[in-house]
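Enquirer: What follows is a single structure, and I will ask about it in a moment.
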Amino acid sequence: MGFPKTVARRQWAPSRAVGPRGTRLRHALAFVTLGAWLGLWGGGCGSSADHAPPNVLFIVADDLNTALGTYGHPQVQSPHIDRLAERGVRFDRAYAQAPICKASRTSFLTGLYPDQTGVVSNTGDFRQRLPDLQTLPQWFRNQGYFTARVGKIFHANVPRDIGTPGEDDPQSWDRAVDPRGRDRDDEARVFALGNQRNLGATLSWLAAEGSDHEQTDALVASAAIELMREHRSEPFFIAVGFYRPHTPFIAPRRYFERYPLEEIELVDEPADDLEDIPAPAWADRPHQQQMNERTRKQALRAYFAAISFVDAQVGRLLDAIDELDLSRRTVIVFVSDHGYHLGEHRLWQKATLFEPAARVPLIIAAPGAPGNGHSTRGITELVDLYPTLTELSGLPAPEHLVGRSLVGLLENPGADEPRLASTQFLTRRRDAEGRLTGERVRGDSIRTDRYRYTEWGRGTEGVELYDHLRDPHEYDNLAPSRDPEHRALEERMRALLAKRRALQR
């Protein structure tokens, strides 16, 4: 991995025993090259803290796309996430393996693709297929780490499950905390398109009264800070799951006021954008096409406000890490479960295989990593997180993992590592009038350095091919083209997708 050859690699021998945390064997520590690389263990002070394995703070936002200052968004104010990017490596082309919550979260928390977990939608339980599989936090727990969850990490319905465990995996944690704020009590005040009350699936928002600390996500941050304070003397894996910016977009009013409506910019796209898009690819939701310009701007403002509110909570976590003197021995990950449409292709929300829904923000701040303060354009999958964190922590990796460690990109963000990313989605067919039917159709998409290739129903329901060098917004589908170069390219991409599909079984 390019570690310094002058320092002996030190692996701490983790316990293989599984059982109540208090009875598990404790690790035997040994020098790790990675420790010197991260600068985790100081200069020979001799204290136990100097020789402790690194902590992991694993932060997951819900339904967040790359509308962040650090990713170049011209309007969204996200100074704290931007600050995290300055102390770590920002991944500019990271992709979820599914554009919906449960399938994506199950994938990156198990280190497997959705087809392998059996969870390809927002239903299902990976434990039915893989009862003995060790999840990412469970693996750390069984190596002697204290593991805790605050908020939404595994799947939970938002907003219905706020304040409950949702569809959690209890054996992954020593402790789980499920805060509930006034946003649950204020739901009757929420504006929703078409006056629908399924707020978690509908564009909906509220500029809330009261203080930040009354909201669920602020309570999530507070609980996580307290857990870090309580367990700062032992290795911890603390997962912090924010519920926003998932609908309903709820944030204190002052965050809405940061975004004057007249300054909100809408997506400007070609009038004929939809003409070459296969029917299954266009996943609209009720009432969204009827929004006028003002309503669309209000939706954007609310989403931006929810992002800024989550950003403020991330800032509190970063401040706590510094105040507790944990910054030199804590790896911080910030990620979202999938992306989100904000009017691109006239679509809103998630559940497509276009770039806005598949691409996610990802920042990894490993203290002392040579690449810190830089960004990488290396293609990245969220299944890569599990092997990355085991390597950063000096742990062996379980044999079932399918991802590739990102440590090489943390060392050298400009490294040319040939990679591709896959995303899959199970949608429903549409009739001639565009109405959804009960019939399911599967979509599979791969993203290479230059191209995105997507098949619906293994190509029988439609094919998409986009050249991101010339068409970064995916307006021009090359698949219908009769150009010989485009046909040859499509054949090559079809072969790549078939190869990846075989690996995911």
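What follows is calculated from the coordinates using simple rules that are stated; it is not laboratory data. All of these numbers come straight from a predicted model, not from anything done at the bench. Backbone-built Cβ (ideal geometry, glycine too); neighbour counts: all protein chains shown.
Enquirer: About the Cα centre of the chain, what is the dipole size in debye to 20, counting +1 per Lys and Arg Cβ and -1 per Asp and Glu Cβ, all else neutral? The partial results should precede the final answer.
Expert: Details: 64 positive and 69 negative charges, 320 e Å.
Computed charge dipole of the chain: roughly 1540 debye.
Enquirer: Another one. Before rounding to the nearest 500, sum -39500 (n - 2.57) across all DSSP H runs of length at least 4 in the chain and divide by the residue total; then give [θ] at 222 nm in deg cm²/dmol. Please list the in-between numbers first.
Expert: Numbers: 14 runs with 130 residues, N = 505.
Roughly -7500 deg cm²/dmol at 222 nm, from the helical runs in the chain.
Enquirer: Using modelled backbone amide H atoms (1.01 Å from N, in-plane), which distant-in-sequence or interchain residues come within less than 5 Å of Y451's amide H?
Expert: Counting only residues 5 or more places away or on other chains, the set is H468.
Enquirer: How big is segment 436-498 by Rg and Dmax over its Cα atoms, in Å?
Expert: According to the Cα coordinates of segment 436-498, Rg and Dmax are 12.0, 37 Å.
Enquirer: Kindly list the residues of segment 467-495 that lie in the label zone of D449, defined by a backbone N under 14 Å from the point 7 Å along the Cα-to-C-beta vector.
Expert: The answer is 468-469.
Enquirer: A further question on this structure: Give a quick list of GluC sites (Glu not before Pro) in segment 383-477 that DSSP marks as loop, anything other than H, G, I, E or B, with at most 15 other Cβ atoms within 10 Å.
Expert: Working: sites: E391, E399, E411, E433, E439, E455, E461, E464, E474; in loops: E399, E433, E461, E474.
Loop-located and lightly packed - E399, E433.
Enquirer: Summing +1 for each Lys or Arg and -1 for each Asp or Glu, what net charge is found among the other residues whose Cβ lies under 13 Å from the Cβ of Q504? Intermediate results must be reported in sequence, preceding the final value.
Expert: Details: positive: R442, K499, R500, R501, R505; negative: D115, E381, D444.
With Lys, Arg at +1 and Asp, Glu at -1, the net is +2.
Enquirer: Short version: ³J(HN,Hα) in whole Hz for each residue of segment 443-459, in order, from phi by Karplus 6.51 cos²θ - 1.76 cosθ + 1.60 (θ = phi - 60°), x for Gly and Pro, what are they?
Expert: So the Karplus estimates, Gly and Pro as x, are x, 10, 9, 10, 10, 9, 4, 10, 10, 10, 10, 9, 10, 10, x, 6, x Hz.
Enquirer: Tell me which residues come under 5 Å, amide H to amide H, from V441 once H is placed; ignore anything under 5 positions away on its chain.
Expert: Placed amide hydrogens put T427, R428, R429 under 5 Å from V441.
Enquirer: Between E265 and N195, 0.36 nm times their residue separation minus their Cα-Cα distance comes to what? Don't jump to the answer; show the numbers that get you there.
Expert: Numbers: separation 70, 0.36 × 70 = 25.20 nm, distance 2.50 nm.
Length gained, E265 through N195: 22.7 nm.
Enquirer: Could I ask something else about it? In what sequence do S104, S481, S211, S375 fall when counting other Cβ within 10 Å, fewest first?
Expert: Values: S104 26, S481 15, S211 11, S375 18.
Ranked by crowding around the Cβ, least crowded first: S211, S481, S375, S104.
Enquirer: Ok, one more. Counting only residues 5 or more places away or on other chains, whose amide H sits under 5 Å from the amide H of H341 once H atoms are built in the peptide plane?
Expert: Answer set, sorted by chain and number: Q349, K350.
Enquirer: Rounded to two decimals, what is Rg over Rh for segment 52-411 when you use alpha-carbon atoms and the Kirkwood radius? Could you put the intermediate results ahead of the total?
Expert: Numbers: Rg = 19.3 Å, Rh = 20.4 Å.
Using only Cα positions, Rg/Rh for segment 52-411 is 0.94.
Enquirer: A further question on this structure: Take M291, M228 and order them by how many other Cβ atoms sit within 10 Å, fewest up front. Can you show the working numbers first?
Expert: Details: M291 16, M228 22.
Taking fewest neighbouring Cβ atoms as first place, the list is M291, M228.
Enquirer: Among bridges DSSP assigns within segment 52-411, what percent are antiparallel (round to 5)? Display every interim value, and only then the final one.
Expert: On the way: 13 of 42 bridges.
So the antiparallel bridges in segment 52-411 amount to around 30 percent.
Enquirer: Exceeding 24 Å between C-alpha atoms, which entries from my cross-link table qualify? They are K152/K499; K297/K350; K350/K499. Intermediate values should be presented prior to the final figure.
Expert: Numbers: K152/K499 34 Å; K297/K350 18 Å; K350/K499 26 Å.
Check vs 24 Å cut-off fails for K152/K499; K350/K499.
Enquirer: Right, another one. Taking the number of other C-beta atoms within 10 Å as the exposure measure, put D125, D185, D115, D63 in order starting with the fewest. Numbers along the way, then the final one.
Expert: On the way: D125 16, D185 10, D115 19, D63 24.
The order, fewest Cβ neighbours first, is D185, D125, D115, D63.
Enquirer: For segment 152-205 and segment 64-124, compute the distance between their C-alpha centroids and round to whole Å.
Expert: 19
Enquirer: Here is a further query. Could you give the dipole magnitude of segment 422-503 about its Cα centre, charging the beta-carbon of Lys and Arg +1 and that of Asp and Glu -1, in debye to the nearest 20? If you can, show how the numbers build up before the last one.
Expert: Details: 18 positive and 16 negative charges, 92 e Å.
Computed about the Cα centre, the dipole is about 440 debye.
Enquirer: For segment 246-363, what are Rg and Dmax over the alpha carbons, in angstrom?
Expert: In order Rg, Dmax, the Cα atoms of segment 246-363 give 17.5, 56 Å.
Enquirer: How far is the Cα center of segment 398-415 from the Cα center of segment 277-294, in Å?
Expert: Here the two parts' Cα centres lie 37 Å apart.
Enquirer: With +1 on each Lys and Arg Cβ and -1 on each Asp and Glu Cβ, and nothing else charged, work out how big the dipole of segment 139-182 is about its Cα centre, in Debye to the nearest 20. Display every interim value, and only then the final one.
Expert: Details: 7 positive and 6 negative charges, 43 e Å.
For this selection, approximately 200 debye.
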